[in-house]
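Undergrad: The structure that follows is given in the form of structure tokens.
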Amino acid sequence: EKGGHRHFMMKEIAEQPTVVGKVLDAYLTPEGDAVALDLEGIDFASIQRLSIVACGTAYYAGLVAKYWFERYARLPVDIDVASEFRYREPPFPEGTLGVFVSQSGETADTLAALRFATGEGIRTLALVNVPESSIAREADVAVQIHAGPEIAVASTKAFTCQLATFAVLVVKAAQARGALDAGGVAELLAALRKLPGLLSHALAVDDAIRTAAEAIAESHDVLFLGRGQMFPLALEGALKLKEISYLHAEGYPSGELKHGPIALVDKATPVVVLAPHDGLFEKTVSNMQEVMARGGRVLLISDARAIAQAGDEVWQAITMPDAPEFIQPVLYAVPAQLLAYHAAVAKGTDVDQPRNLAKSVTVE
Ligand code: M6R
């Protein structure tokens with residue numbers, strides 16, 4: 001049942017190239033050159049803003065989507081964790097589409113948030129993994145993320161399938177709103193088609209990550225940094241590590257480092273930097289130098305070009321395949337998941353059933 005793996009979590013991590021491929025098969029044309037996802041009358045051209053609501057890992061998928069919708073589709077996005085949203089009862093500007101993200105489709109706060117939005121009369125779209133779930137049934141339109149059953153409490157393949165599904169929606173929105181020309185749309189689609197293959201390559205970092213994870217498992221506190229669309233990956237990496245290895249971990253936007261968290265940095269506090277080469281990489285290099293100057297150990301997860309630029313003071317570097325910028329957050333989920341997995345295995349914790357956690361949080 002675990003497909004030859006020791007844990008469901010590892011099986012589910014390894015399934016990602018396949019299930020993300022299923023998302024693309026479901027929502028792109030057979031040639032992959034256009035979006036073929038019917039939103040039953042929801043037209044991005046007439047939507048003024050999105051309000052994305054979710055919990056935990058699904059929330060982080062929504063946070064990546066915010067960067068994408070704003071950048072590629074020029075569509076403003078609000079995002080909230082469901083437990084805040086439902087009690088804050090925010091007003092909705094004209095033309096708001098509520099977007100609810102939930103693997104289980106049964107998370108109590110997300111469901112209550114959906115009911116609030118429905119009561120306010122806005123249109124609602126759900127991204128769910130369980131088609132017959134409450135959230136799928138109650139939203140105006142439900143889009144399946146096609147991850148298949150996710151057993152491990154720590155969410156992995158649902159996250160990358162949520163991202164792949166959002167990516168398709170972003171292309172659809174960019175096209176409908178005229179935010180990208182045909183060439184721009186073709187470029188994003190070409191990037192998406194590379195995802196299954198690149199995810200398979202990314203899984204090859206497993207050995208290198210295990211070595212780093214075994215060292216990290218000895219520490220008490222770990223910082224994760226990322227900038228722009230990689231910031232949510234820093235949050236996700238920290239959440240995964242906390243959940244299954246019980247190490248204290250925090251994710252921050254790289255630029256926030258000197259506004260507080262750098263005070264935590266010392267020899268005993270590894271800093272995981274998720275930073276593929278992009279227009280902002282220079283700034284990330286200076287963040288890493290600030291860490292290293294204080295004796296901090298930097299684990300840099302990046303591509304070959306950026307690793308070369310980062311210099312040899314970096315404690316350990318994990319070389320990821322080169323990838324188009326659009327899909328980098330999906331790809332970098334893999335090393336973040338593997339790091340948590342191997343740290344947990346090194347610590348001997350219960351990987352699939354971590355203490356105090358339930359797969360589906362159906363009570364408030
Ligand atoms: O089923 P949902 O996607 O609504 O669940 C949301 C969170 O409870 C879930 O992502 C949780 O944070 C996971 N344990 C993360 O690994």
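Undergrad: Does region 153-168 contain at least one residue that is touching a residue at least 24 places away in the same chain (Cβ under 8 Å) and farther than 25 Å from Glu325 by Cα?
TA: Yes, there is a match, as at least one residue in region 153-168 is touching a residue at least 24 places away in the same chain (Cβ under 8 Å) and farther than 25 Å from Glu325 by Cα.
Undergrad: Considering only region 318-329, I want to know if a residue exists there that is of a type in the set (A, V, I, L, M, F, W, C), more than 15 Å from Leu233 (Cβ to Cβ) and not in a helix (DSSP H, G or I).
TA: no
Undergrad: Regarding Glu243, is this residue out of contact with any Phe, Trp or Tyr (no Cβ under 9 Å at 6 or more places or on another chain), within 16 Å of the ligand (Cβ to nearest atom) and open to solvent by 10 Å² or more (accessible area, probe 1.4 Å)?
TA: Answer is yes for this residue.
Undergrad: I'd like to know if region 54-65 contains one or more residues that are within 23 Å of Ile151 (Cα to Cα) and outside any helix (DSSP H, G or I).
TA: The answer is yes; a qualifying residue exists.
Undergrad: If you check every pair at least six apart or on different chains, which have Cβ atoms under 7 Å apart with a residue in region 48-73 that is more than 20 Å from Thr107 (Cα to Cα) first and a residue that is near the ligand (Cβ under 10 Å from one of its atoms) and not in a helix (DSSP H, G or I) second?
TA: Listed pairs, sorted by first residue: none to list.
Undergrad: Being away from the ligand (no atom under 16 Å from the Cβ) and in contact (Cβ under 8 Å) with a residue 40 or more places away in the chain narrows it down to one of Asp38, Asp78, Asp43, Asp25, so name that one.
TA: Of Asp38, Asp78, Asp43, Asp25, the one residue that is away from the ligand (no atom under 16 Å from the Cβ) and in contact (Cβ under 8 Å) with a residue 40 or more places away in the chain is Asp43.
Undergrad: For region 166-175, check the following and say yes or no: at least one residue is within 16 Å of the ligand (Cβ to nearest atom), buried (at least 19 other Cβ atoms within 10 Å of the Cβ) and under 18 Å from the mean Cα position of the chain (by Cα).
TA: Taking every residue of region 166-175 in turn, at least one turns out to be within 16 Å of the ligand (Cβ to nearest atom), buried (at least 19 other Cβ atoms within 10 Å of the Cβ) and under 18 Å from the mean Cα position of the chain (by Cα).
Undergrad: While we're on this one: For Ala54, work out the one condition from (1) under 18 Å from Leu235 (Cβ atoms); (2) open to solvent by 30 Å² or more (accessible area, probe 1.4 Å); (3) near the ligand (Cβ under 10 Å from one of its atoms) it doesn't fulfil.
TA: Result: Ala54 fails condition (2) only.
Undergrad: Kindly establish whether Ala142 is modelled with pLDDT of 95 or more, within 18 Å of Phe44 (Cβ to Cβ), open to solvent by 10 Å² or more (accessible area, probe 1.4 Å) and not in a helix (DSSP H, G or I).
TA: yes
Undergrad: Test Val101 against the stated conditions and say whether it is at pLDDT 95 or above, buried (at least 21 other Cβ atoms within 10 Å of the Cβ), within 16 Å of the ligand (Cβ to nearest atom) and under 24 Å from the mean Cα position of the chain (by Cα).
TA: Considered against the rule, which asks whether it is at pLDDT 95 or above, buried (at least 21 other Cβ atoms within 10 Å of the Cβ), within 16 Å of the ligand (Cβ to nearest atom) and under 24 Å from the mean Cα position of the chain (by Cα), Val101 comes out as yes.
Undergrad: I've got another one for you. Do we have any residue at all in region 86-93 that's open to solvent by less than 20 Å² (accessible area, probe 1.4 Å) and under 30 Å from Lys359 (Cα atoms)? Even if it seems obvious, please write down each step before you answer.
TA: Residues of region 86-93 that are open to solvent by less than 20 Å² (accessible area, probe 1.4 Å), as a first pass: 90.
Narrowing further to those that are under 30 Å from Lys359 (Cα atoms): 90.
Within region 86-93, one or more residues are open to solvent by less than 20 Å² (accessible area, probe 1.4 Å) and under 30 Å from Lys359 (Cα atoms).
Undergrad: Being among the small types (Gly, Ala, Ser) and part of a helix (DSSP H, G or I) is the filter; apply it to region 337-348 and report the residue that is farthest from the ligand (Cβ to nearest atom).
TA: The first filter runs over region 337-348 and keeps only residues among the small types (Gly, Ala, Ser), leaving 340, 343-344, 346, 348.
From what's left, part of a helix (DSSP H, G or I): 340, 343-344, 346.
On the way: Ala340: 9, Ala343: 15, Ala344: 12, Ala346: 19 Å.
Out of the qualifying residues, it is Ala346.
Undergrad: Of the residues Val273, Val334, Val351, which single one is surrounded by 15 or more Cβ atoms within 10 Å (Cβ to Cβ), under 19 Å from Thr211 (Cβ atoms) and more than 16 Å from the ligand (Cβ to nearest atom)?
TA: Val273
Undergrad: Which residue pairs have Cβ atoms closer than 6 Å, lie 6 or more positions apart in sequence or on different chains, and pair a first residue in region 245-269 that is modelled with pLDDT of 90 or more with a second residue that is of a type in the set (Asp, Glu)?
TA: As it stands, the answer is His248/Asp221; Thr269/Asp221, since those pairs meet every condition given.
Undergrad: Please work out if Ser219 is small (Gly, Ala, Ser), part of a helix (DSSP H, G or I) and surrounded by fewer than 21 Cβ atoms within 10 Å (Cβ to Cβ).
TA: no
Undergrad: For the list (1) part of a helix (DSSP H, G or I); (2) open to solvent by less than 10 Å² (accessible area, probe 1.4 Å), I need the number of the one condition that Leu235 fails.
TA: For Leu235, the failing item is (2).
The values are calculated or read from the model by the stated rules, or taken from the named source; none is laboratory data. A quick note: this is a predicted structure, and the numbers were derived from the prediction, not measured. Backbone-built Cβ (ideal geometry, glycine too); neighbour counts: all protein chains shown. Only protein heavy atoms, including side chains, enter the accessible area calculation; ligands, DNA and RNA are left aside. Shrake-Rupley method; radii C 1.70, N 1.55, O 1.52, S 1.80 Å.
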